[in-house]
1. Using the Karplus curve 6.51 cos²θ - 1.76 cosθ + 1.60 with θ = phi - 60°, work out ³J(HN,Hα) for each residue of region 129-143 in order, rounded to whole Hz, and write x for Gly and Pro.
2. Can you sort I275, I117 so the residue with the fewest Cβ neighbours within 10 Å comes first?
3. Could you order the peptides 121-134, 225-238 from most to least packed, using the average number of other C-beta atoms within 10 Å per residue?
4. Within region 45-85, which trypsin sites (Lys or Arg not before Pro) sit in a loop by DSSP and count at most 15 neighbouring Cβ atoms inside 10 Å?
5. Sorting M281, M53, M250 on the 10 Å Cβ count, fewest up front, what's the list?
6. Determine the sum of side-chain charges near P239: Lys and Arg each +1, Asp and Glu each -1, restricted to other residues whose C-beta is under 12 angstrom from that of P239.
7. Counting only residues 5 or more places away or on other chains, whose amide H sits under 5 Å from the amide H of V63 once H atoms are built in the peptide plane?
8. Can you spot the aspartates and glutamates whose alpha carbon is less than 18 Å from K228's alpha carbon? Ignore those fewer than 8 places along the same chain.
Amino acid sequence: MFGNWLKTSILMAGIIVLFGVAGNAIGGQQGMLIALVLGGGMNLWAYWFSDKMVLKMYRARPVDAGSLPYLYNIVHDLSQRAGLPMPKVYIIDEEQPNAFATGRDPGHAAVAATSGILRLLSERELRGVMAHELAHVKHRDILISTIAATVAGAIALLAKFGMLFGGRGNGSGNRPANPLVSILVMVLAPLAAMLIQMAVSRTREFGADRGGAEFSGDPEALASALGKIEAYARRIPFPAAEEHPATAQMMIMNPLAGGGLRSLFSTHPPTGERIARLRAMR
């Protein structure tokens with residue numbers, strides 16, 4: 001738990017530093033001050049409201065024991081087995097099978113599943129998937145993953161900031177800002193954000209797989225579910241994830257199909273390796 005708090009603190013500090021350096025390169029001292037204020041404000045906002053933002057991005061609908069007892073009861077039973085408070089439960093009307101957890105701590109957590117995953121998986125497999133998401137909650141991964149999902153939004157602000165200040169003075173008289181520096185910052189900053197998310201996500205997925213298998217008592221169910229999800233996720237688009245690619249690292253499976261740069265910056269370990277580790281637990 002301390003390790004995740006440390007990672008979260010480093011990530012939040014990194015956002016402020018990135019904003020400050022980029023602001024200074026683009027707009028000089030004035031630009032740096034504005035960027036630092038924006039970076040600090042982004043951190044505060046991300047801590048308190050980023051989970052609500054992510055759920056809104058995916059147009060997730062809250063459900064309960066009356067509206068969707070099948071999913072709600074699975075989460076309720078697994079939460080008790082894991083010793084966790086009952087999280088809020090959401091459904092996302094998307095065909096691609098996927099799921100994620102969000103929130104700042106176990107007392108303010110939410111789990112969401114797509115309608116596609118409910119149709120694809122058996123009850124046993126769905127239990128494995130939701131146990132995986134609750135393991136993220138138990139391990140307190142959800143805060144850092146949710147904050148990491150806001151990094152790309154912060155970087156988008158940097159790009160706009162560069163467009164606003166790239167042609168102005170850099171604080172030394174009327175000397176114009178170096179356009180090459182502005183371009184470099186706007187190109188490398190998103191790259192840095194993607195690498196941060198990749199580093200944050202990969203080891204956490206293995207831990208959540210193991211924790212979920214322990215909560216459900218059925219590692220083979222989660223292994224089977226991962227195989228099915230990957231096969232369908234490659235063929236079925238996920239429009240909401242395409243619109244907000246920074247949130248891809250929150251999902252149980254990378255929702256962005258395709259190769260090239262997307263595969264280079266994949267936020268998930270290979271599915272085959274995840275399945276092999278789960279089956280070794282038997």
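1. Couplings: 5, 5, 5, 4, 5, 5, 5, 4, 5, 4, 7, 6, 7, 5, 5 Hz.
2. Details: I275 20, I117 28.
Listed from fewest to most nearby Cβ atoms, that is I275, I117.
3. Values: 121-134: 23.5, 225-238: 18.7.
Sorting 121-134, 225-238 by mean packing, highest first, produces 121-134, 225-238.
4. Working: sites: K52, K56, R59, R81; in loops: R59.
For trypsin sites (Lys or Arg not before Pro) across region 45-85 that sit outside H, G, I, E and B with at most 15 neighbouring Cβ atoms in 10 Å, the list reads R59.
5. Numbers: M281 14, M53 17, M250 28.
The most exposed by this proxy come first: M281, M53, M250.
6. Details: positive: R59; negative: D93, E94, E95, E242, E243.
Residues close to P239 contribute a combined charge of -4.
7. V89, Y90, I91
8. Within reach: E94, E95, E123, E125, E133, E205, D209, D218, E220, E273.
Where a number appears in this text, it was derived from the coordinates with a stated rule and is not lab data. Worth saying up front: this structure is predicted, and the values here are computed from it rather than measured. In this analysis, Cβ positions are derived from the backbone assuming ideal geometry, glycine residues included, and neighbour counts consider all displayed protein chains.
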